[in-house]
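The values are calculated or read from the model by the stated rules, or taken from the named source; none is laboratory data. For clarity, every value in this text was computed on a predicted model and none was experimentally measured. Here the Cβ is made from the backbone with ideal geometry for all residues, glycine too, and neighbour counts use every protein chain on show.
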Amino acid sequence: KVVAVIMVGGPTKGTRFRPLSLNIPKPLFPLAGQPMVHHPISACKRIPNLGQIFLIGFYDEREFALYVSSISNELKVPVRYLREDKPHGSAGGLYNFRDLIMEDSPSHIFLLNCDVCCSFPLPEMLEAHRKFGGMGTLLVIKVSAESANQFGELVADPVTNELLHYTEKPETFVSDRINCGVYIFTPDIFNAIEGVSTQWKDRADLRRLSSFESLHSATRNAPTHFVRLDQDILSPLAGKKQLYTYETLDFWEQIKTPGMSLKCSGLYLSQFRFTTPHLLVSGDGTKSASIIGDVYVHPSAKIHPSAKIGPNVSISANARIGAGVRLISCIILDNVEIKDNAVVIHAIVGWKSSIGRWSRVQASGNYNSKLGITILGEAVTVEDEVVVINSVVLPHKTLNVSVQEEIIL
Ligand code: GDD
C-alpha cells in the first residue's frame, strides 16, 4: 500500500492570498471550478495501490468536513483531515501523525504541498524512486535564474539524479533547478525527522547542563519541535545518497497570491482537455452562450445566450450572467450577479458580488504584480456604468464611482 499526505497549512498562513482567504481556507479556493486541494487529491487517484489520503493542517476540522466526506465518496478512497493544534512545520506536522499514517504499514508516503499547481506525475515519480532506491525523491523543475530564489534551489547529479546540494530560498544564486514541493518517501523519513529533533534536544540539554539548569525544566518534555522539511531535513541529507530528484518538463507554478490563482485556474482548465473534458463547456449548443477556449461553468449557473465567455473563465454555483456580458480570464464565485452588457477581464469576482449594467471590471493581467488583476471581495457592489481597473476591493463595499490602481478598504 501507498498513502498520500497533503500539507494544507492553516489560517495564519496564506496571508498573501487576502482578501480571498478572509472567506475560505486557501486550500478550498476554487481553481477551474474545483477546490485548490482537489487537484492534487485527484492526481493521487492515479497512484497504484493507494490506501488513504491525509490532509494535515491547523484549520478547524469543520472547515474541511464537507469537502473531505464528499471527495472520499467520489474517489472511493478514504480522505481524512488531521488537525494540528498549532503549526509544527512541514516535517513536524507529518511526524506528529506518524502512527495514523503508518496504520496500514504503507511502503511509500507521498507528501504534497497544497499550494502548487502542476500535472503531479506521481506514478512516474514512484517508478523513478524505486529505481533510485533512496529514502526520498523530490519533484524538481528548471525555472528562470531570476525567479529561482523564491524557492528551494538544488543541485542534482546529472547521471545518478542524486540530490547533491539543497538551499532554501538562497540570497545568492545556487541553481535554476528548484523544489516543486512534491515528494515521495519511504517510512524512514520518520527516523530522519526524529533524528534532527533528538539532535536539537540533546544540544539544548547540553546547553542547560553547562549553565547548571535543571534537566527537568519544561522544555525537556516539550512536544516535537517545529521541523521544516526543506531546511531541516533536505539540506542536511543532500549528498548522502538518500535523496534523489525527478525532473518534470510539464507545467508547474506556486499559488501564493490571487493573481497566481487566476493563472493556475487557466492551467488546470487546459489540463481538463486531456484529463476530464466533460468538465469543460463546449460552445456547440446553438442556444447557449458563445464559448471561447477553456471554460468551466457550474451546472447551477444561469448564463444568457447572448453572453460571450472565455478563454480561461470559471463560473461557480448560482452565478447569473446577463445579456451581452463579456467575460475573459476570470473567476466568478458563487452567487455573483453580472448584469447586462458588463465586461470582466483579468479579475476575480467574490461571492455574492454584483456588477452593474455597462460596468467594466478589469486589469492588465500581469499575474505577478499586486494590482495586475482586479479582485472584488465578498458581497461587493459595483453600480451601473462604473469602471474598476487594476484594483482590489475589500468585502462589502459599494462602488458608485470609477477607480483605478486603488485598494479600497
Ligand atoms: N499542516 C501544516 N503545518 N502545513 C504547513 C505548515 C505547518 O506547520 N507549514 C507549512 N505548511 C504547508 C503550507 O500550507 C504549504 O502547502 C506547504 O506546507 C509549504 O509551505 P511553506 O513551508 O510555507 O514553504 P513555501 O511554500 O514557502 O516553500 C516550500 O515549497 C516550495 C514549492 O512550492 C519549500 O519547500 C520550497 O523549497 C519549495 O520550492
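Kindly indicate which of Pro11, Pro27 is part of a helix (DSSP H, G or I) and within 21 Å of Arg228 (Cα to Cα). Working first, answer last.
Details: Pro11 fails: part of a helix (DSSP H, G or I).
Exactly one residue qualifies, and that residue is Pro27.
Please work out if Ser69 is farther than 25 Å from Ser197 by Cα and of a type in the set (Ser, Thr, Tyr).
Answer is yes for this residue.
Restricting to the range 10-24, give me the number of residues that are touching a helix residue (DSSP H, G or I) at 6+ places or on another chain (Cβ under 7 Å) and near the ligand (Cβ under 10 Å from one of its atoms).
The qualifying residues number 1.
Quick one: Glu63 ticks every box in (1) surrounded by fewer than 20 Cβ atoms within 10 Å (Cβ to Cβ); (2) more than 26 Å from Ile332 (Cβ to Cβ); (3) within 14 Å of the ligand (Cβ to nearest atom) except a single one, so which number is it?
Of everything listed in (1) surrounded by fewer than 20 Cβ atoms within 10 Å (Cβ to Cβ); (2) more than 26 Å from Ile332 (Cβ to Cβ); (3) within 14 Å of the ligand (Cβ to nearest atom), Glu63 misses just condition (2).
Can you confirm whether Lys1 is modelled with pLDDT under 95 and away from the ligand (no atom under 15 Å from the Cβ)?
Details: modelled with pLDDT under 95: yes; away from the ligand (no atom under 15 Å from the Cβ): yes.
Yes, satisfied.
For the range 78-100, give me each residue that is within 13 Å of the ligand (Cβ to nearest atom) and among the hydrophobic types (A, V, I, L, M, F, W, C).
Filtering the range 78-100 for residues within 13 Å of the ligand (Cβ to nearest atom) gives 81-97.
Scanning the range 78-100 gives Leu82, Ala91, Leu94, Phe97.
Here are some residues: Trp351, Trp358. Which one is over 21 Å from Gln254 (Cβ atoms), in a loop (DSSP other than H, G, I, E, B), in contact (Cβ under 8 Å) with a residue 40 or more places away in the chain and of a type outside the set (Gly, Ala, Ser)?
Exactly one of Trp351, Trp358 is over 21 Å from Gln254 (Cβ atoms), in a loop (DSSP other than H, G, I, E, B), in contact (Cβ under 8 Å) with a residue 40 or more places away in the chain and of a type outside the set (Gly, Ala, Ser), namely Trp351.
Could you tell me which of the residues Ile348, Ile321 is aliphatic (A, V, I, L, M), touching a strand residue (DSSP E or B) at 6+ places or on another chain (Cβ under 6 Å) and closer than 13 Å to Leu262 by Cβ?
Ile348
Among (1) in contact (Cβ under 8 Å) with a residue 12 or more places away in the chain; (2) exposed (fewer than 12 other Cβ atoms within 10 Å of the Cβ); (3) away from the ligand (no atom under 13 Å from the Cβ), which single condition is Leu75 missing?
(2)
For the range 27-49, what are the residues that are within 15 Å of the ligand (Cβ to nearest atom) and either of a type in the set (Phe, Trp, Tyr) or modelled with pLDDT under 95 (or both)?
Of everything in the range 27-49, just one residue is within 15 Å of the ligand (Cβ to nearest atom) and either of a type in the set (Phe, Trp, Tyr) or modelled with pLDDT under 95 (or both), namely Phe29.
Output the residue which, of all residues in the range 144-184 that are of a type in the set (A, V, I, L, M, F, W, C), outside any strand (DSSP E or B) and within 14 Å of the ligand (Cβ to nearest atom), is surrounded by the fewest Cβ atoms within 10 Å (Cβ to Cβ).
Filtering first and then ranking leaves Val174.
If the requirement is being modelled with pLDDT of 95 or more, among the acidic types (Asp, Glu) and out of contact with any Lys or Arg (no Cβ under 7 Å at 6 or more places or on another chain), which of these qualifies: Asp340, Asp334?
Asp334
For residues that are touching a Lys or Arg at 6+ places or on another chain (Cβ under 6 Å) and crowded, with 19+ Cβ neighbours inside 10 Å, tally how many sit in the range 123-143.
Selection size over the range 123-143: 1.
Please determine whether any residue of the range 191-202 is modelled with pLDDT of 90 or more, within 16 Å of the ligand (Cβ to nearest atom) and part of a helix (DSSP H, G or I).
Yes, the range 191-202 contains at least one residue that is modelled with pLDDT of 90 or more, within 16 Å of the ligand (Cβ to nearest atom) and part of a helix (DSSP H, G or I).
Go through the residues of the range 366-384 one by one and say whether even a single one is among the acidic types (Asp, Glu) and closer than 25 Å to Lys256 by Cα.
If we filter the range 366-384 for residues that are among the acidic types (Asp, Glu), which is where we start, we get 378, 383-384.
Still in the running and closer than 25 Å to Lys256 by Cα: 378.
Yes, some residue in the range 366-384 is among the acidic types (Asp, Glu) and closer than 25 Å to Lys256 by Cα.
Kindly indicate the residue of the range 332-368 that is within 14 Å of Val392 (Cβ to Cβ) and crowded, with 24+ Cβ neighbours inside 10 Å and also nearest to the chain's Cα centre (by Cα) among those meeting that condition.
Top of the filtered list is Ile348.
Taking the range 376-391 only, how many residues are in contact with an Asp or Glu (Cβ under 8 Å, 6 or more places away or on another chain) and buried (at least 22 other Cβ atoms within 10 Å of the Cβ)?
Total satisfying the criteria: 1.
Of the residues Ile56, Ile6, only one is within 13 Å of the ligand (Cβ to nearest atom), closer than 17 Å to Gln254 by Cβ and touching a residue at least 24 places away in the same chain (Cβ under 8 Å); which?
Criteria check complete, one pass: Ile6.
Note down all Cβ pairs under 6 Å where the first residue falls in the range 87-115 and is in contact (Cβ under 8 Å) with a residue 24 or more places away in the chain and under 19 Å from Asn179 (Cα atoms), the second is among the β-branched types (Val, Ile, Thr) and away from the ligand (no atom under 14 Å from the Cβ), and they're at least six residues apart or on different chains.
Ile109/Val3; Phe110/Ile184
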